[in-house]
Amino acid sequence: MDDENLIRRIRAGDADAMDQLVQKYYGLVYTYCYRKVGNKEDAQDLTQETFLHFCRNFDSYAQRGKVKNYLYTIAHNLSVSMMRKSMPIHLEEWEKEESHNDVDQFEAADSIRKVLSQLPDEQKDVILLRFYQDLKIKDIAQVTDSGLSVTKYRLSQGIKAIKKLMRGD
Amino acid sequence: MNRNDREIRNYLQQDSVPSYDLEKMQQTVRLARQAYCNRLLSKRIGFGEFIRMQMHFIGHWVWFTQAGLVLGFLILLTKYNFGQPDLQHILLLFSAASPMIALVGFPELLKSYSHGMEEIESCTRFSMRKLMGARMLILGLTDLFCLTVILAVSTAHSDELLLRMILYLFVPFNLTCCGCLTVLSHVKSGQSGYYCGAICALCIAVFVSLSFVRRYYEAAATGVWMIMFILTLVYLAVEVVQTFQSFNRFYAKEEAISVTWQ
């Protein structure tokens, strides 16, 4: 079922449609949250908080863009405030996750995380949304609440930095 | 995405994300549903929407009776050709009958008490004070509209001055409202409706009998009417505020009692 239809049903008070929407986007939002916070538990909590925020404030949702982008925006804002409160991200926690089966893969993942952790937060956000979540630049600008040209600039700077780090400079 | 971007993406994709716990996802679905349903319960509504909602709860008979009264007045005025002295007397009878417009609304204002619903209404979503305030506003504005229509048509069809017609129509009306609101702010029971009906009947009887005494409706008496109008208007304003506040006091007391009982 398309998003427009789902949103129409939710507006009409259909709680089943809300269930479907959460199930549809849970994976995507979780992936984004994981990239942002770096560990599974916090990512799951952040994902849950994102959907709860969406449900509680559903009336203020104007449906100007895609639902997915709106959820990313909530997740982005919540992660920013979460990081501001405390929550430093520890690389050791990343290492504990069970996603990497062999040593080569673990090393590659480790180096990617180190590369990303060296980027300024704004550039890292743009890189995550562009290369992991496949968002268009205008959607990234919307999620991060910044201008199109600023987003383009951050993306190019991020790409430059990653390439530089990839080369090991 | 160009080749350069694809290269970076492939590089970054080497870092995979661990799969989420299904249980956590189901918990999120459950909590989201709960939050969504709670939102429906605690949804805030605007003043306009609240008034519209309350208008639906006012019985249709109120609108029909008031429309009938106004139409009756208008037909009587426009259909029949009264001579000037008769017309003046008809207008004075209209003035005496104006408390009927108020009387139509009061049973609606008192229905919580006459139907024994005040206990339920006081613990529902909207406070009793808000509900009564909304009802008073809707019925008050409707009465005002009816009186304005009668006033406009009366002054258009007679030589009577607008100011004097305002006084003749509003003084009996204000007096009735003052009496009924005084009852309402002090007696909150099923009997209130009867007291209001009695006050209204008394006002009508007094003003109908006054309408036969010409000297009370001559230019020389305008000053007295004016004083009565101002006095009733001030008293009415005070009584509206007091009645409105009395709902808060009454239910604050009820709430205190229920807390002790628990």
Check your understanding: Is there any pair with a first residue in the range A:24-52 that is within 14 Å of B:L22 (Cα to Cα) and assigned by TED's automatic domain parsing to the domain that holds A:I74 and a second that is part of a helix (DSSP H, G or I) and charged (D, E, K, R) whose Cβ atoms are under 6 Å apart and which are 6 or more apart or on different chains, and what are they?
Key -> A:Q44/B:K24
Check your understanding: A:L6 passes all but one of (1) touching a Ser or Thr at 6+ places or on another chain (Cβ under 7 Å); (2) more than 10 Å from chain B (Cβ to nearest Cβ); which number fails?
Key -> (1)
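Hey, among A:L165, A:L129, A:L116, A:L135, which residue is within 13 Å of chain B (Cβ to nearest Cβ), surrounded by 13 or more Cβ atoms within 10 Å (Cβ to Cβ) and either in contact with a strand residue (DSSP E or B) (Cβ under 6 Å, 6 or more places away or on another chain) or not in a helix (DSSP H, G or I) (or both)? Spell out the reasoning first.
Working: A:L165 fails: either in contact with a strand residue (DSSP E or B) (Cβ under 6 Å, 6 or more places away or on another chain) or not in a helix (DSSP H, G or I) (or both); A:L129 fails: either in contact with a strand residue (DSSP E or B) (Cβ under 6 Å, 6 or more places away or on another chain) or not in a helix (DSSP H, G or I) (or both); A:L116 fails: either in contact with a strand residue (DSSP E or B) (Cβ under 6 Å, 6 or more places away or on another chain) or not in a helix (DSSP H, G or I) (or both).
Every option except A:L135 fails the conditions.
Could you list, in sequence order, all residues of the range B:153-185 that are touching a residue at least 40 places away in the same chain (Cβ under 8 Å) and more than 30 Å from B:T78 (Cα to Cα)?
Within the range B:153-185, the first condition is being touching a residue at least 40 places away in the same chain (Cβ under 8 Å), and the residues that meet it are B:153-154, B:157-160, B:163-178, B:180-182, B:184-185.
Residues satisfying the conditions are B:C178, B:C180, B:L181, B:T182, B:L184, B:S185.
Conditions (1) of a type outside the set (D, E, K, R); (2) touching a Phe, Trp or Tyr at 6+ places or on another chain (Cβ under 7 Å); (3) under 17 Å from B:F247 (Cα atoms); (4) assigned to a helix (DSSP H, G or I), marked per residue:
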position: B:V149; (1), (2), (3), (4): yes, no, no, yes
position: B:F170; (1), (2), (3), (4): yes, yes, no, yes
position: B:L175; (1), (2), (3), (4): yes, no, no, yes
position: B:V183; (1), (2), (3), (4): yes, yes, yes, yes
position: B:C196; (1), (2), (3), (4): yes, yes, no, yes
position: B:S209; (1), (2), (3), (4): yes, no, no, yes
Check your understanding: Can A:V80 be described as at pLDDT below 80 and assigned to a helix (DSSP H, G or I)?
Key -> no
Review point. What residue, among those in the range B:179-220 that are of a type in the set (S, T, N, Q) and exposed (fewer than 15 other Cβ atoms within 10 Å of the Cβ), is modelled with the highest pLDDT?
Key: B:S209
Check your understanding: Can you spot a residue in the range A:26-39 that is facing chain B (nearest Cβ under 7 Å) and either of a type in the set (A, V, I, L, M) or touching a Pro at 6+ places or on another chain (Cβ under 7 Å) (or both)?
Key -> no
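What residue, of B:L41, B:L69, is farther than 21 Å from A:D16 by Cβ and either away from chain A (no Cβ under 11 Å) or modelled with pLDDT under 80 (or both)?
Numbers: B:L41 fails: farther than 21 Å from A:D16 by Cβ.
None of the other options fit; the residue is B:L69.
The values are calculated or read from the model by the stated rules, or taken from the named source; none is laboratory data. Model, not experiment: these values are computed from the prediction. A quick note on method: Cβ atoms are made from the backbone with ideal geometry, for glycine too, and the neighbour counts reach across all protein chains shown.
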